[in-house]
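Before any comments, here is the structure.
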Amino acid sequence: MGIIIALLVISVLIFFHELGHFTAARFLGVKVEVFSIGFGKKLYTKMIGKTEWSISSIPLGGYVKMKGQDDTDPTKVSYDEDSYNSKKPWQRIIILLAGPFANFLMAFLLYLAISYMGVPKLLAYVGKVGKDTPALQAGMQKEDKILQVNGHNILYWETIGKYINESKGDISLIIERDHKLVTLQLRPKVIDDQNIFGEKITRRIIGISPSSKHTITAHYGPIEGFSYAWDETKKSSMLIFQSVQKLLTGAVGTDKLGGIITIVDVTAQASSAGILALFFFTALISVNLGVLNLLPIPALDGGHIMFNLYEILRGKAPSESAMYYMTVTGWILLAGLMFLGLYNDINRLMG
């Protein structure tokens, strides 16, 4: 059941991506010949207007085929009035951007739904004070409620570490204990750690962990929900951008690259953990699709955007032969990345 849900999630995200391209193309007067969810043999087709809508046998992608635009053979062009090629470069860029934009919009709407459903939050209660830690030496105790860190009001546990790491030197804490306010002064300990990318970093800690007994479900109002959704979409977008950057610079090894098996597996696990977890992970995948499609690789939206920017700057499009060889190179690069992700997936499955 989890695998079915995972494939459905991927199909929905691809549908929204392609729907973005389709909507922008039709708005600008470009004929869309085929709208397909999946690749390979077509299992179901239906003509609606001038577009053939299809569901294909391999549900791991999708495409919109516009008149005069063919990634499999970029030399096939058409300059009819309703052709992609007849449009100005800035109009083509709008069509190309519409797909990734649809993914970012999808993520935003999912985060917005999460904000109205309720976001689980840990309150700022201390569950454990570590041995030989600054917190223990300062007299902090289990069940203390942290109200302030260096004058910053604390509502949820997630913000405590942020303010401790932003501080310099000693820090001041105001805690609530037995309905009384207590002020503590302590100097955080600096430790070596790793960030989510496995890079070595230093962190300031005081040696406490949260109490799982004190949780709350935060429900956001209409305005606060939009703010939450915007912030989460930005955060997840930056996370994906940083991941790609670190992969390209070698800061993160290629063995960390996951393929379709990993995506399906983690999505299936998220679905079994509940609708909230599924929404969170689906939003992250949607942002991932949006960011990756903006990479300047020929055959991706970002590559086509680069071609059109070149045409705007030079006043002419790249030659047909250059377009052909760059597109073929892009397909080879994408195939290589897909096989690498699949290889890593198989290695992880084999332990």
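Here, each number is a calculation from the coordinates, and none is a lab measurement. All values reported here derive from a predicted model rather than from experimental measurement. All Cβ positions, glycine included, derive from the backbone under ideal geometry; neighbour counts span all protein chains shown.
Quick notes
- Radius 12 Å from Cβ of residue 112, net charge of other residues (Lys, Arg +1; Asp, Glu -1): -3
- For segment 79-180, the list of GluC sites (Glu not before Pro) that fall in a loop by DSSP and count at most 15 other C-beta atoms within 10 angstrom reads 81, 143.
- Modelled spin labels at residue 121 and residue 201, positioned 7 Å past Cα toward Cβ, are 2.2 nm from each other.
- Selection from 306, 127, 114 lying farthest towards where the dipole of the chain points positive, charges on Cβ: 127
- Contact order for the chain, expressed relative to its length and based on alpha carbon pairs under 8 Å spaced 6+ residues apart, stands at 19 percent.
- A Cβ-based charge dipole, computed about the Cα centre of segment 1-91 with Lys and Arg at +1 and Asp and Glu at -1, lands at about 140 debye.
- Placing dummy labels 7 Å off each Cα toward the beta-carbon, the span from residue 131 to residue 234 is 4.4 nm.
- Computed as a quarter of the hull surface, the mean projected area of the alpha carbon convex hull for segment 103-171 stands at 6.7 nm².
- For the chain, pairs of C-alpha atoms spaced more than 26 angstrom apart make up 61 percent of the total.
- Helices in the chain, meaning DSSP H runs of at least 4 residues, each add -39500 (n - 2.57). Divided by all residues, the mean residue ellipticity at 222 nm is -16500 deg cm²/dmol.
- Cα centre as origin, Lys/Arg/Asp/Glu Cβ charges: segment 127-172 dipole, Debye: 80 debye
- For residue 53, residues with placed amide H under 5 Å, excluding near neighbours: 35, 46, 47, 48
- Amide proton proximity set for residue 124, modelled H, under 5 Å, gap of 5+: 157
- Less than 5 angstrom separates the built amide H of residue 147 from those of 174, 175, 176, all sequence-distant by 5 or more or on a different chain.
- Neighbour net charge for residue 180 - beta-carbon separation under 15 angstrom, K R +1, D E -1: -2
- Calculated over segment 121-217, the projected area of the Cα convex hull averaged across directions stands at 6.6 nm².
- C-alpha center-to-center spacing [segment 130-168, segment 194-247] in angstrom: 18 Å
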